[in-house]
Amino acid sequence: MMSRTLGERLKELRKKENLSQQQMAVLLGVGQTAIVNYESGKRFPKEKTLIFYAEHFSVSLDWIFGLSNKTK
């Protein structure tokens, strides 16, 4: 089974809350293009952005990075 990429995991989190890329961008204080780039793997999010994802969606950073299948 192929492991999901960081971008795929970020997209999964966003979609679970039915957020558009634009809505996610507003939450993070970035442009929509940044979200597109994170989810497609073209850019790597900053540390504070990854921490925001983990806290906002109540998942561990290990889950975001694909190091664990447990969300917490």
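The values are calculated or read from the model by the stated rules, or taken from the named source; none is laboratory data. The structure presented is a predicted model; accordingly, all values stated were derived computationally and were not measured. Surface accessibility is based on the protein's heavy atoms, side chains included, excluding ligands, DNA and RNA. Shrake-Rupley method; radii C 1.70, N 1.55, O 1.52, S 1.80 Å.
Remarks
- Note on the chain: Kirkwood radius taken over Cα pairs, Stokes-Einstein applied at 4 °C and 1.567 mPa s, translational D equal to 107 µm² s⁻¹.
- Counting only alpha carbon atoms, the long axis of helix 6-16 and the longest principal axis of the chain meet at about 70°.
- Extension gain, VAL30-LYS15: 0.36 nm per intervening residue step, less the Cα-Cα distance, totals 3.6 nm.
- Excluding ligands, DNA and RNA, the accessible surface per residue across the chain is 68 Å² with a 1.4 Å probe.
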